[in-house]
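Below is one structure, written out as structure tokens, with a few remarks after it.
The values are calculated or read from the model by the stated rules, or taken from the named source; none is laboratory data. Everything quoted here is computed from the prediction, not taken from an experiment. Quick reminder, even Gly has a Cβ in these numbers, built from the backbone with ideal geometry, and neighbours come from all protein chains shown. Heavy atoms of the whole protein, side chains included, go into the accessibility calculation; ligands, DNA and RNA do not. Shrake-Rupley method; radii C 1.70, N 1.55, O 1.52, S 1.80 Å.
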Amino acid sequence: MEAATAPEVAAGSKLKVKEASPADAEPPQASPGQGAGSPTPQLLPPIEEHPKIWLPRALRQTYIRKVGDTVNLLIPFQGKPKPQAIWTHDGCALDTRRVSVRNGEQDSILFIREAQRADSERPGPPQSIKLVDVWGFSATLEWTPPQDTGNTALLGYTVQKADTKSGLWFTVLEHYHRTSCIVSDLIIGNSYAFRVFAENQCGLSETAPITTDLAHIQKAATVYKTKGFAQRDFSEAPKFTQPLADCTTVTGYNTQLFCCVRASPRPKIIWLKNKMDIQGNPKYRALTHLGICSLEIRKPGPFDGGIYTCKAVNPLGEASVDCRVDVKVPN
């Protein structure tokens, strides 16, 4: 005997009690002193009471016995005339070789010496469950029917899921009749296990097989395709963006010349006076920074006047700018 709920015992889903109606009772007999010709005395109408079953408190919950245990159920009832209790199992007569029934004035007792699996009507669990496929937000499951249907037809299957983060089971399908299903609306980043219960008119199977593999719902990988980037060539021949300016200075006062050049790769800067290279001459100091070229003439004299040239050279070409410097003697 596996399990039976108390309402089932009372209502007859597991062990049924059938009560006779008052019409089944025998009619009252005439007393011996009254003959056929004697006047009929005035009789009071018989008192009738509809049959009632008083379910014990101990049977108002799931009634569980292991296979091999004894079962002793006492069901009190009342009614007038006296009801006749009839026990059945799954709508059929009881096996009197294992089960005995005693009907009293106000109760009926069912006694089973050794409970067997056939006395229970809950089905066994499905034999196996397998995770077939996982894609997107869904998973496909398959399972096999239970070997034991509980001596009655299956009403279907109940499918549940549980994510590994919470470990809580949630029902996703009930009274499902097929042995395969698709579970949808799974959450990205979670991993799920699944289990399936078999169900008949007595309820769900006591256990359920669980998938050995987890369904990992992964975020779809995003592939970024970059457009082809053409490397721009910034190479260019030297070009002066700011030329040298003519100037007039006084002997003994330092004078500076400025110009700006643009080129890539960086150009070589050469300073000339009257077309003669003055690089390395201590009288001049040449500087180049961020394309700005400068030449300092230290304490120029009357012979330092003339045409000054700034020349820029790189592998792509060259360019130059000129200016005139006049040196005057103060009066």
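Sparsely packed loop sites in segment 214-288 (the chymotrypsin sites (Phe, Trp or Tyr not before Pro) outside DSSP H, G, I, E and B with at most 10 other Cβ atoms within 10 Å) comprise Tyr224, Phe229, Phe234. Residues whose amide H falls under 5 Å from that of Lys268, counting only those 5 or more places apart or on a different chain, are Val313, Asn314, with hydrogens built in the peptide plane. Distant-in-sequence amide contacts of Asp148, defined by a placed amide H-H separation under 5 Å and a gap of 5 or more residues or a different chain, comprise Gly124.
One chain, two ends: Asp322 and Met276. Fully extended at 0.36 nm per residue, the span grows by 15.3 nm beyond their Cα-Cα distance. Ordered by 1.4 Å accessible area with all protein chains kept, Ile210, Ile75 run largest first as Ile210, Ile75.
For Arg266 and His289, calculate 0.36 nm times their separation in residues minus their Cα-Cα distance, and state this gained length in nm to one decimal.
7.2 nm
Note on exposure: Lys283, Lys227, Lys273 ranked by accessible area (1.4 Å probe, complete protein assembly) read Lys227, Lys283, Lys273, with the most exposed listed first. A simple spin-label model places pseudo-atoms 7 Å from Cα toward Cβ; at Gln84 and Ser180 they are separated by 5.5 nm. Taking 0.36 nm per residue of sequence separation and removing the Cα-Cα distance, the Thr207/Lys165 pair yields an extension gain of 12.9 nm.
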